Structures are given as structure tokens and as C-alpha cells.
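Only one structure is covered here, and it is reproduced in the block below.
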Amino acid sequence: MFTGIGSLAGLLAATIPGMAGFVAATTSDAVYIVSSRGVQFGFGVFALGYLSYTGSWDRYARFRRPGLRDVGAVLGAFLALLAVGYVVNALVGLFGLPHEVTTGTSEHSLTLHAQPRLWPLAFLAWFAFATPAEELFYRGLVQTRLRDAFSATAVVVVLAGACFALSHASFAALSGASGAALAATFIELLGAGIVFGALYEVTDNLTTVAIFHGLTWLELAHTVERIVATVL
């Protein structure tokens, strides 16, 4: 239920730009890059409202400056994401699903590569706000609350990953994605959510997870992933 309420807040925030007329066919790339982070704005508002109400900032908002250990953990998470990718591809093929994941982030990344001048804006909109807000909600709030109910770390990480995947698949469903595409989206984001959750358990640092999460949005990261997969 907690995940559902936060996801609803994200969905409402995502619809505001379109309803207000800020996003249309003629919308500039700069405005689109910012407005496309409406979901994370909703997550952030919900999370900050909850923290303001409970006053449990130290428990949930565990942001700190990354250290060398965090850098090593990010490298390990990248390798884990590669391994998860193999498993996901195998499952998608096993179930006869299309290799079609509805997230929208690759499209935005391609826009950035075509227009490098938008990078400073994207950094502020994505890395300085969107991923910290999303991680505060999913890992900071949802995953921490799951720890209260389950003692096994592996169970907590998998359940948190499932919440992450189900929420995003719900957004994709509302955008008109097919059933097969939704299933593929859920499977891939479950894998990614498990890696994000494990990284948080290892580092206890939302800053580290937010940075890693943001990097996975970039087409460059997917290119490196494909190169490594080819070499291996």
C-alpha cells in the first residue's frame, strides 16, 4: 500500500505538465528533459511529506558523500547488472516476450548526445533531483520499511525490487504498452531493482545508489554494457 500511494503521487505529478499545456508535440527538448521527470517530483514530494510528518530523517534519508568503498560497490553493481541482464534475456526468451522495455530514458539520453548543450540542464533535472528523489522513495522509504517486516536481507531486497518493478510497469500500462511489453518491463526492472537494493544494503548510502541509477539512464552505459557482454 505504501508503494501504491507513492506511485500514485508520482503518476499525478507526471500528468501535471501535459494537463497544464507544458508538454506538446512542439515542446522543446530542454523543456521535455525537465518535465519528463514529473514522476520523480511526485516521489520526492511524497517522501519529503512523509519525513516531515514522522521526523525520521536520519532513518530514511541516508545521503552522504561517497567514498572509495562506494566507488568499488558501484563497479560491482555494474558487473551485477551485466549478470542480471543475461538472466533477464534468458527469461524473456523463455517466455517468448519481446525485448521491449518501456521506460523512456534511452530516448532522452539520445537527445542529450545529439545536443550536448543540454547536459548541464539534464544534470540538474536528473542527477541532482530525479534519481535522489526516486531513491529516497524506493530504497530510503520502501526498502527500509520492508526491513521492519522481514529479517532476511535477501527477501527485503527482492521484495523492494518487486515494488520498484511493479510501480514502473503500472506507469507503462497507463501509457498503453502491450501485455507482453509490460511483462518484459517488469522482469527487467525487477532485476535492476534487485541490484539497486543490494547496492543500498552494501553501502547504506542513497547518494551512491542515486548516482548509479542515473548512470543506467544513459545510452552510453548501455553501449558499454553491450561491449563488455560481447567481449565476455
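The values are calculated or read from the model by the stated rules, or taken from the named source; none is laboratory data. A quick note: this is a predicted structure, and the numbers were derived from the prediction, not measured. With ligands, DNA and RNA removed, areas are computed over all heavy atoms of the protein, side chains included. Shrake-Rupley method; radii C 1.70, N 1.55, O 1.52, S 1.80 Å.
Return the carbon/sulfur percentage of the accessible area of the range 126-216, one whole number, probe 1.4 Å, all protein chains in place. Numbers along the way, then the final one.
On the way: 2090 of 2960 Å².
That fraction is 71 percent.
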Show 175, 7 ordered by accessible area, largest first, where the area counts protein heavy atoms only and the probe is 1.4 Å.
175, 7
Might you work out the accessible area of residue 200 for me, using a 1.4 Å probe with all protein chains in place, and round it to the nearest 10 Å²?
0 Å²
